[in-house]
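> Below you'll find the structure I mean.
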Amino acid sequence: MNTRKLRNIEVSEVGMGCMAFSHGYGKIPPERYSIQAIRNAFEHGCTFFDTAEVYGPNLSPMHRGHNEKILGKAFAGIRDQVVIATKVMPHGGLGHNAYQTLRKHLDGSLARLQTDYVDVYYIHRSSAVSIEDAAQAMGRLIDEGLIRGWGLSQVDVDVIERAQRVTPLAAIQNIYSMVERDSEDFIIPYCMEHNIGFVPFSPIASGLLSGKITTTTKFERHDDVRNWVPQLRRENIAGNQPIIDVLAHFASLKGATSAQISLAWMLHKWPNVVPIPGSKNKERIVENLDAAHVELTDQGFAQLEDALNQCIVYGHRGLGGF
Ligand SMILES: NC(=O)c1ccc[n+]([C@@H]2O[C@H](COP(=O)([O-])OP(=O)(O)OC[C@H]3O[C@@H](n4cnc5c(N)ncnc54)[C@H](OP(=O)(O)O)[C@@H]3O)[C@@H](O)[C@H]2O)c1
């Protein structure tokens, strides 16, 4: 697979979101299956893996690090060949010593990931933290070799600029897909200009853009975000059908799947974008990685973009969302 850069950090152009092995999409698979699925993705060319300290069943503090521990086991013997991105969630802010607070969280992640450095260390949500203090502390962690780069998630240009002035960022991880395009006007172009990677989360809109979800699809009852993703409300699934139809049309033209077209679209559109589709299914993980091999021509891309721009999107999570 081709690679892209998050500042100085080289990654496969499609990464893998590992959250659903621990949280967010209902029942989690047995650990052994999750480890195999991650190894299988690596053998298929994926070198970029996304996790967070809070990813555990029901996001319960009791299960903190559940997902990181799975990655730690999956990467035994191949740590130097993969790029691990994890996130810190300092619920109560960074206190009077941002470095000490971040260092404590980072030490926990390093132990669970069985490594002595993290490649990309994101602040998961920044509303409770002083951005300048966080940026300074992240700079020190970089100098100490404990992280290679740092990032922010769900932030606007103002916050990115303030952070960037103190310690240059490696990556921004915001929600972005064909139905969540808030980052297009200013954020992705700013990142391009400043050599910052842009890592879209929920790039296939929690499954909507695969075309496999219909108005009769039942989501799981516990720990399943699809119960409150606005585009997946029954009436909005129906409203968004024209977008699903556009994708199905282009998928049949290219001999690809709809999920692959939705990923190939963003790869074609932006040179600094590296999506991290999430799945707890081994085969669909490989399908998503193979989006890197679906080549859209400039003309095909323009037709797709045009068709999308004529569709209304029903439901919006936005940057202020969960
Ligand atoms: N920074 C943040 O605040 C934040 C928030 C959310 C997520 N994330 C990260 O972003 C990653 C991806 O986001 P996400 O998982 O929310 O959304 P997503 O990748 O847009 O969609 C995941 C959903 O789509 C389904 N799916 C995936 N590929 C499919 C395919 N090819 N065909 C049919 N269905 C498919 C999955 O079902 P199956 O599992 O059944 O395949 C799952 O229900 C997460 O794993 C996590 O690492 C970060």
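The values are calculated or read from the model by the stated rules, or taken from the named source; none is laboratory data. Remember, predicted model here, so these are calculated numbers, not experimental data. Here the Cβ positions follow ideal geometry from the backbone for every residue, glycine too, while neighbour counts run over all protein chains shown.
> Within region 268-302, how many residues are closer than 16 Å to SER258 by Cβ and polar (S, T, N, Q)?
Final tally of qualifying residues: 3.
> Here's another thing I want to ask about it. Does SER262 qualify as being within 12 Å of the ligand (Cβ to nearest atom), on the phi < 0 side of the Ramachandran plot and hydroxyl-bearing (Ser, Thr, Tyr)? So that I can check it myself, show each step before the final result.
On the way: within 12 Å of the ligand (Cβ to nearest atom): yes; on the phi < 0 side of the Ramachandran plot: yes; hydroxyl-bearing (Ser, Thr, Tyr): yes.
Considered against the rule, which asks whether it is within 12 Å of the ligand (Cβ to nearest atom), on the phi < 0 side of the Ramachandran plot and hydroxyl-bearing (Ser, Thr, Tyr), SER262 comes out as yes.
> Looking at SER202, is it small (Gly, Ala, Ser) and either buried (at least 24 other Cβ atoms within 10 Å of the Cβ) or modelled with pLDDT under 95 (or both)?
So SER202 passes the test.
> Moving to a separate point now. Going through region 89-99 one residue at a time, which ones are under 15 Å from ILE147 (Cβ atoms) and surrounded by fewer than 20 Cβ atoms within 10 Å (Cβ to Cβ)?
TYR99
> Another question, then. Which residue out of ALA307, ALA291 is under 18 Å from GLY211 (Cα atoms), touching a residue at least 24 places away in the same chain (Cβ under 8 Å) and within 10 Å of the ligand (Cβ to nearest atom)? Break it down into steps so the answer makes sense when it comes.
Values: ALA307 fails: within 10 Å of the ligand (Cβ to nearest atom).
Just a single option satisfies the conditions, and that option is ALA291.
> Being free of Cβ contacts under 8 Å to residues at least 12 places away in the same chain, of a type in the set (Ser, Thr, Tyr), surrounded by fewer than 22 Cβ atoms within 10 Å (Cβ to Cβ) and over 26 Å from ALA76 (Cα atoms) is the requirement here; does SER127 meet it?
yes
> Just to be sure, is ALA98 within 21 Å of PRO57 (Cα to Cα) and of a type outside the set (Ser, Thr, Tyr)?
No, not satisfied.
> Now a separate question. Of all residues in region 150-168, how many are within 16 Å of the chain's Cα centre (by Cα) and touching a residue at least 60 places away in the same chain (Cβ under 8 Å)?
Going through region 150-168 one residue at a time, the tally reaches 4.
> Does region 268-312 hold any residues that are surrounded by 19 or more Cβ atoms within 10 Å (Cβ to Cβ), among the hydrophobic types (A, V, I, L, M, F, W, C) and either over 22 Å from CYS191 (Cβ atoms) or at pLDDT below 95 (or both), and which are they?
Selection gives ILE285, LEU289, VAL294, LEU304.
Okay, residues lined up against (1) within 12 Å of the ligand (Cβ to nearest atom); (2) in a loop (DSSP other than H, G, I, E, B); (3) among the hydroxyl-bearing types (Ser, Thr, Tyr); (4) closer than 24 Å to TYR33 by Cβ:
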site	(1), (2), (3), (4)
HIS222	no, yes, no, yes
ILE243	no, no, no, no
LEU253	no, no, no, no
GLU287	yes, no, no, yes
GLN299	no, no, no, no
ARG317	yes, yes, no, no
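> Restricting attention to region 45-69, and to residues there that are among the polar types (S, T, N, Q) and in a helix (DSSP H, G or I), which single residue is nearest to the ligand (Cβ to nearest atom)?
ASN67
> Anything in region 209-220 that is farther than 14 Å from ARG181 by Cβ and either more than 6 Å from the ligand (Cβ to nearest atom) or touching a strand residue (DSSP E or B) at 6+ places or on another chain (Cβ under 7 Å) (or both)? List them, or say none.
Within region 209-220, GLY211, ILE213, THR214, THR215, THR216, THR217, LYS218, PHE219, GLU220 qualify.
> Of the numbered conditions (1) buried (at least 24 other Cβ atoms within 10 Å of the Cβ); (2) closer than 27 Å to GLY149 by Cα, GLN260 satisfies every one except a single condition; which is it?
All conditions are met except number (2).
> Select from region 265-285 the residues that are more than 17 Å from TYR176 (Cα to Cα) and outside any loop (DSSP other than H, G, I, E, B) and write down the one among them that is nearest to the ligand (Cβ to nearest atom).
Top of the filtered list is ARG284.
> Taking the condition of being of a type outside the set (Val, Ile, Thr) and either free of Cβ contacts under 8 Å to residues at least 24 places away in the same chain or not in a helix (DSSP H, G or I) (or both), how many residues in region 255-264 meet it?
Of the residues in that region, 2 qualify.
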